[in-house]
1. So D263 clears everything in (1) more than 22 Å from D140 (Cα to Cα); (2) over 15 Å from the mean Cα position of the chain (by Cα); (3) not aromatic (F, W, Y) except one condition, right? Which one?
2. It is to be established whether one or more residues within region 196-209 are at pLDDT 95 or above, buried (at least 18 other Cβ atoms within 10 Å of the Cβ) and part of a helix (DSSP H, G or I).
3. If you take just the helices (runs of 4 or more DSSP H) that sit entirely in region 1-114, which of them hold at least 2 residues that are away from the ligand (no atom under 16 Å from the Cβ), in contact (Cβ under 8 Å) with a residue 60 or more places away in the chain and on the phi < 0 side of the Ramachandran plot?
4. Considering only residues that are of a type in the set (D, E, K, R) and modelled with pLDDT of 95 or more, look in region 162-184 and name the one that is surrounded by the fewest Cβ atoms within 10 Å (Cβ to Cβ).
5. Please return the ranges of strands (runs of 3 or more DSSP E) entirely within region 225-292 where 3 or more residues are among the β-branched types (V, I, T) and closer than 26 Å to R82 by Cα.
Amino acid sequence: MTKLDRPFVLGHEAAGLVLEGPHQGQKVAIDPAIPDLTCRQCRSGYQNLCPQVKFAGTVVHDGALCEFLSWPSVNLIPLPDRLSDAECALLEPLGVAVHALDLGHLRVASTAAVIGCGPVGLLLIQLLRGAGVASVVAFDPLPHRREAACRSGATAAVDPASAGEPSALRDLVGDGVDTVFEVVSAGEAIQLAVRAVRPGGRVVLVGLPGLADTDDDWFRLPASICHDKGLTFSVVRRMNQVYLRAISLVMRGQVDLAGLVTDRFPLSDVVEAFDVAVRRGGLKVVVEPAVE
Ligand SMILES: [Zn+2]
């Protein structure tokens, strides 16, 4: 586990206005990952797998929760002016959802489930319906997230606790859905994912279980079910080069980002913003540094 030995700035979902450089004067999305562009993974087109990546808001690299940020021009993606600042910042979690969808290898009119209806899960539901998936069953223990899941296009949204019995789960997913996206990574959520997918299906693991080198840093899978069903697993590592597709989805109205924003705070009230986020009473909390 990385030991924190200095204060650092959080924040990896951000957008900004460029003061100097090639994009001067433009509104931009900020790709928070700076890969080295020289390693085998980067040169093979998998920059999201770069072992030397510098990521905003980690102990090795300050993040974007500030008024001014110095960032490589190659990591700035120019945006249309008509996108709001909050929408621009939410292109980052949308990018993660697009990448997760890519790893799902879904076919039109197939079936899916999404476990965990935070912002990335909700964006996945929107994307799945937009991609022509026939049905999406959503799972989340929080009622306001289940309501948001239905607004996002889920065909059913239920509390995972109500799907404990095999017959109850069968009522929801029949013999199992083609692909399950697990966006929580609590042990019970992964077990639900494995139970809810059909034999021969795929489970896409989007959530992070816990910090590296801690007791939480494990995926705990029921081996016999995985074996008997012959499951395929995909693990999401951030996103690959998907920003342009994410922008296109928002510009064409196929994905609604603004509806995810439930709370906004100025940078001076950032402590309150974190309090609200930790209580999980809303969806996305946005902090807006005001710069004249
Ligand atoms: Zn690299």
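The values are calculated or read from the model by the stated rules, or taken from the named source; none is laboratory data. These numbers come from a predicted model, not from an experiment. Reconstructed Cβ throughout: ideal geometry from the backbone, glycine too, with neighbour counts over all protein chains shown.
1. It fails just one condition, (1).
2. Within region 196-209, one or more residues are at pLDDT 95 or above, buried (at least 18 other Cβ atoms within 10 Å of the Cβ) and part of a helix (DSSP H, G or I).
3. On the way: elements: 40-43, 85-89, 91-104.
Where helices (runs of 4 or more DSSP H) fall fully within region 1-114 and carry at least 2 residues being away from the ligand (no atom under 16 Å from the Cβ), in contact (Cβ under 8 Å) with a residue 60 or more places away in the chain and on the phi < 0 side of the Ramachandran plot, they are 85-89, 91-104.
4. Ranking the candidates gives D175 first.
5. 284-288
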